[in-house]
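Colleague: Got a structure here, written out as structure tokens. Questions coming.
The values are calculated or read from the model by the stated rules, or taken from the named source; none is laboratory data. Everything quoted here is computed from the prediction, not taken from an experiment. Don't worry about glycine lacking a Cβ; one is built from the backbone with ideal geometry, like all the others, and counts go over all protein chains shown.
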Amino acid sequence: MSELIKVVRGEGEEADIRPDWLEQWEGWGWKAAAAGDDLDAMDAEVLHALAKERGVKVHANAGADKVREALRQAAKD
């Protein structure tokens, strides 16, 4: 089973969803939770979904470490 992505909405509402559900949940007003140390716990599939949601460009075949690096760099900018 794939890992889950934490999403948030409003003041304190949280849910854990499958990465392939993210686009639909965004339509309902949810957003992926801010990434911090949680990136280390995510696998490549989840990281790629998070990068796509945040508009961070990464190569489709990039490994988990490269995607984590790109997400962390984008958060700094």
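Colleague: Take the conditions surrounded by 11 or more Cβ atoms within 10 Å (Cβ to Cβ), assigned to a loop (DSSP other than H, G, I, E, B) and either in contact with a strand residue (DSSP E or B) (Cβ under 7 Å, 6 or more places away or on another chain) or at pLDDT 85 or above (or both) and apply them to residue 46. Does it pass?
Modeller: No; evaluated as a whole, the condition is false for this residue.
Colleague: Six or more apart or on different chains, Cβ atoms under 7 Å: show the pairs whose first residue is in the stretch 13-42 and over 16 Å from residue 74 (Cβ atoms) and whose second is among the polar types (S, T, N, Q) and modelled with pLDDT under 90.
Modeller: Matching pairs, first to second residue: 18/2; 19/2.
Colleague: For the stretch 27-43, give me the residue count where each residue is assigned to a helix (DSSP H, G or I), more than 11 Å from the chain's Cα centre (by Cα) and surrounded by 12 or more Cβ atoms within 10 Å (Cβ to Cβ).
Modeller: Here the count works out to 0.
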